[in-house]
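To start, the structure itself, in structure tokens.
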Amino acid sequence: MEDVRFEVWPNDRHNFFDRREVSFRDAHGIFEIRSLRGGEYKVDLLTAEGQVAPTQRISVLAGESKGGLAFVVVAGATLRGRVVDPKGAPLSAASISCGQAHAQSDADGAFQITGIPVGRQRVMMMSGESEEDWDVDVPEGAETLDLHTTRLFPIAFPEASSGVCAERVGDKLTIRSLSAKAKAAGLAQGQTIQSVGDIPGSEIGRSGARGLLGGRPGEHVTLTLADPPRTLTLAITTDNECD
């Protein structure tokens with residue numbers, strides 16, 4: 001197979017110096033990925049036609065040559081959704097990526113990404129000083145997944161915390177970890193956050209959750225939970241970090 005691109009990520013996704021992009025045009029489908037340092041990596045493949053292969057994970061020692069890595073190319077899923085600003089207005093020309101697949105939002109904030117492999121994938125968005133990311137599970141045999149709406153917030157570094165840390169998978173925002181104070185308020189890991197203030201949890205990614213669930217000491221944040229249904233208000237303090 002010709003005209004194929006590989007993307008190689010170290011398990012530590014923040015170590016961009018070890019990231020590799022490799023393209024090849026070999027009629028026999030033979031490829032080489034050179035100059036990797038010892039460690040564990042995730043390898044994604046994308047063809048020019050938008051086909052993908054299931055993600056593979058490899059482990060190499062420093063100076064080691066490893067063969068026998070084979071990819072079986074299949075048609076990938078299509079992800080579609082919409083990106084808006086914190087107030088809900090459409091964001092055009094936002095950059096959206098998932099693995100090696102990239103797209104830009106149109107004038108209505110809508111986007112579509114093709115060639116997404118099966119498994120848990122990281123969706124990333126950027127526009128100006130704002131960025132967002134969350135995970136999505138792509139089931140085997142899926143053709144199109146609707147990611148609905150995501151709000152893109154400016155990068156935030158709150159001074160203090162409500163004691164709740166959350167993560168989003170698909171369109172569900174759940175509690176990942178808690179402070180002792182938040183646990184004492186009756187919150188539990190794994191609970192679904194239906195909304196933060198008046199913003200639906202389904203529209204909030206990691207960056208947005210960090211900013212919305214934190215703030216300045218003395219401020220408060222209101223959470224509505226889905227399981228079981230309840231609404232509570234938490235104080236934001238400097239001694240309230242998640243475990």
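The values are calculated or read from the model by the stated rules, or taken from the named source; none is laboratory data. All values reported here derive from a predicted model rather than from experimental measurement. Note: ideal-geometry Cβ built from the backbone for every residue, glycine included; neighbour counts use all protein chains shown.
May I ask you to say which residue of SER195, SER207, SER202 is small (Gly, Ala, Ser), in a strand (DSSP E or B) and under 30 Å from LEU79 (Cβ atoms)? Step through it out loud before you land on a result.
On the way: SER207 fails: in a strand (DSSP E or B); SER202 fails: in a strand (DSSP E or B).
Result of the check over SER195, SER207, SER202: SER195.
Of all residues in region 221-238, those that are farther than 28 Å from PHE157 by Cβ have Cβ atoms under 7 Å from Cβ atoms of residues that are modelled with pLDDT of 95 or more and hydroxyl-bearing (Ser, Thr, Tyr), 6 or more apart or on another chain, in ALA226/THR192; ASP227/THR192.
Go over the candidates SER59, SER35 one by one and state the one that is on the phi > 0 side of the Ramachandran plot and not assigned by TED's automatic domain parsing to the domain that holds PHE111.
Details: SER59 fails: on the phi > 0 side of the Ramachandran plot.
One residue alone meets the criteria, SER35.
Among residues of region 167-200 being surrounded by 15 or more Cβ atoms within 10 Å (Cβ to Cβ) and of a type in the set (Asp, Glu), the one that is farthest from the chain's Cα centre (by Cα) is ASP171.
Residues satisfying the criterion are present in region 131-140 (criterion: within 25 Å of LEU79 (Cβ to Cβ), in contact with a Leu (Cβ under 8 Å, 6 or more places away or on another chain) and acidic (Asp, Glu)). Annotation note: of GLY211, GLY186, GLY201, the sole residue that is at pLDDT below 95, under 22 Å from VAL83 (Cα atoms) and not assigned by TED's automatic domain parsing to the domain that holds GLU131 is GLY211. Restricting to region 105-123, name every residue that is in contact with a strand residue (DSSP E or B) (Cβ under 6 Å, 6 or more places away or on another chain) and over 22 Å from GLU143 (Cβ atoms). Across region 105-123, the qualifying residues are ASP108, GLY109. Looking at this structure, is ASP44 modelled with pLDDT under 85, charged (D, E, K, R) and not assigned by TED's automatic domain parsing to the domain that holds GLY208? The answer is yes for ASP44.
Out of ASP146, ASP135, ASP171, ASP85, one residue alone is free of Cβ contacts under 8 Å to residues at least 40 places away in the same chain, within 19 Å of PRO200 (Cβ to Cβ) and not assigned by TED's automatic domain parsing to the domain that holds ARG206. It is ASP135.
Determine whether region 119-135 contains at least one residue that is farther than 19 Å from GLY208 by Cβ, assigned to a strand (DSSP E or B) and over 15 Å from the mean Cα position of the chain (by Cα). Within region 119-135, none of the residues are farther than 19 Å from GLY208 by Cβ, assigned to a strand (DSSP E or B) and over 15 Å from the mean Cα position of the chain (by Cα).
Condition test on GLU140, is it among the charged types (D, E, K, R) and in a strand (DSSP E or B)? Show your work before the answer.
On the way: among the charged types (D, E, K, R): yes; in a strand (DSSP E or B): no.
Spelling it out, it is not the case that GLU140 is among the charged types (D, E, K, R) and in a strand (DSSP E or B).
It is to be established whether one or more residues within region 151-165 are among the hydroxyl-bearing types (Ser, Thr, Tyr) and assigned to a strand (DSSP E or B). Yes, that holds for at least one residue.
Give region 49-82 a look and list any residue that's among the charged types (D, E, K, R), assigned to a loop (DSSP other than H, G, I, E, B) and modelled with pLDDT of 75 or more, or say none.
Initially, region 49-82 is screened for residues among the charged types (D, E, K, R), giving 49, 57, 64, 66, 80, 82.
Filter again for assigned to a loop (DSSP other than H, G, I, E, B), leaving 49, 64, 66.
GLU64, LYS66, listed by residue number.
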